[in-house]
1. Here is a list: A453, A419. Which entry is open to solvent by 10 Å² or more (accessible area, probe 1.4 Å), among the small types (G, A, S) and under 15 Å from the mean Cα position of the chain (by Cα)?
2. For D107, are the conditions met, namely being buried (at least 22 other Cβ atoms within 10 Å of the Cβ), charged (D, E, K, R), modelled with pLDDT of 95 or more and more than 21 Å from the chain's Cα centre (by Cα)?
3. Quick one: which strands (runs of 3 or more DSSP E) sit completely within region 46-135 and have at least 3 residues that are among the aliphatic types (A, V, I, L, M)?
4. Considering only region 144-170, how many residues are under 18 Å from the mean Cα position of the chain (by Cα) and part of a helix (DSSP H, G or I)?
5. Got a sec? Which of G397, G348 is touching a Ser or Thr at 6+ places or on another chain (Cβ under 8 Å) and not aliphatic (A, V, I, L, M)?
6. For region 352-372, what are the residues that are of a type in the set (D, E, K, R) and farther than 16 Å from R291 by Cα?
7. Please count how many residues of region 244-253 are open to solvent by 30 Å² or more (accessible area, probe 1.4 Å) and touching a residue at least 60 places away in the same chain (Cβ under 8 Å).
8. Please go through region 257-271 and give me each residue that is buried (at least 24 other Cβ atoms within 10 Å of the Cβ) and of a type in the set (A, V, I, L, M), ordered by number.
Amino acid sequence: MKIWKLLSGTALCACLSAPAFADKASDTVSMAFNKELETADTYFNTAREGLLLNHAVWDGLLYRDPETGEYKGNLATDWTWIDDTTLELTLREGVTFHNGEPFNADDVVYTINYVTDPENGVKNKANVGWMDHAEKVDEYTVRIILPAPFPAAEEFLAGPVAMYPDEYYAEVGPTGMGLKPVGTGPFKLAELEPGKSFTLERNDDYFGGPKGMAGVGNVEIRTIPEVNTQIAEFFNGTLDFLWGVPADQAEKLEAMGKYTVVNAPAMRVGYVTMDTAGRSGDGPMTDQRVREAVYHAIDRQAIVDALVKGSSEVIDTACSPAQFACDQSVTGYEYDPEKSKELLAEAGYPDGFEIDFYAYRNRPYAEAIMGYLNEVGITTNLNFMQYAALREKHRKGEVPMAFLTWGSNSVADASAITAEFFTEGPQDDARDPEVVEWIETADTTIDKEERKALYSKALQKIATEAYWVPLWTYNVNYVMSPEMDFTPTDDELVRFFDFSWN
């Protein structure tokens, strides 16, 4: 496949007028998401947009400093392991939720016991499944009880595990929280128009903690799916901040010399998943030779060089290199279209076959992947869907092949990805009992070297059996108006409370 076929990015219009950015007087940063926020309830949303809202509106018990990696007290001030499966935390006093409810042990116990109850159906089981329940010791002391040791507990308590107000959540449930979220965080929700926009305003009563007070008064976020429309609004001054700008547009904006353009690595990885277990029917992906053929068919480096760019790199393993215990020395498959055709013929498909191919983001990347597959005889029919719809279809086992991404909720531990996709959960397309056992044992093993060895065995088999085609790490291009000040971190978390004005 010729590289010029990959260059399908849209051109940046040079005819737009000079920018007229909103001044600091409004104390409002305007930005956009390219896909809708399916719900504001963070436990029923697995999209990155929901995670960003989580960190702005809610707080976790702990906080990980993005610069040093140090865990600090947030809603908890101290924490101690009583034994391998019992964590005792002393809670911060004097904290109130946005609706005036005081924060105390009842909120922690209610939140954890709610989200760990399988009947309540939280979307990302890996975020909470490592906990069994919580117990109240006194008004400002709680214990979290684990079913087994979980060495990444602090990482999760500092990330996706947010604390909810018990009285409010008991009254309104996920539906109410999804429309009117209430947390303790540095921002509170001012307005929400489902699927279209929401506005955050600074919580002037925020307790501070390691996040500190928000540096801007308001953040307005609208859903604008088309990046060209986002860029046009940026030029017109109706957007101040662009996030996830494609490489070609970011390069053009930077060349103008008028804006702050920053490229930062991300924990997110891209991959092609194939229905090894035959959940969608006895299709060709149940044959290892076909899966290997898919792997050999795709020139991943060419796509990175032409489209993804930035700090991204090709990967062979089913995790992010930034995560603990992500072994990078697994079996790799070189780009070799002739080998791909040979494998297809051996598997009984000398003339190839036709298959439905699903994706939800980075359409040019998806089309490039499909182009390579088409060249070796795998005719792909693109089904480009909204993220939430594709996620649910995948969870039901109705997706034979898909290009997907995973940001691990910015948790720097391999368990944040392997547990989600290779432990017989609803998104596990391999369902390999041996891999499941290795990962589940690693997830509950305290010894770091033993954990590494177990994850390495699992990741090696995932690669050897070609259950996934790991593609590349992602990077993020941020573009800001001259008035804005923000320093991105390498975990793909846009911490709105770190926005400020020059």
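1. Within the list A453, A419, the selection yields A419.
2. yes
3. 86-91
4. The number of residues fulfilling the criteria is 3.
5. G397
6. R361, R363, E367
7. Number satisfying all stated conditions: 4.
8. Answer for region 257-271, where residues must be buried (at least 24 other Cβ atoms within 10 Å of the Cβ) and of a type in the set (A, V, I, L, M): A266, M267, V269.
The values are calculated or read from the model by the stated rules, or taken from the named source; none is laboratory data. As the structure is a computational prediction, the values presented were derived from the model and not from experiment. Neighbour counts are summed over all protein chains in view; Cβ atoms, including those assigned to glycine, are modelled from backbone coordinates with ideal geometry. These area figures cover heavy atoms from the full protein model, side chains too; ligands, DNA and RNA do not enter into them. Shrake-Rupley method; radii C 1.70, N 1.55, O 1.52, S 1.80 Å.
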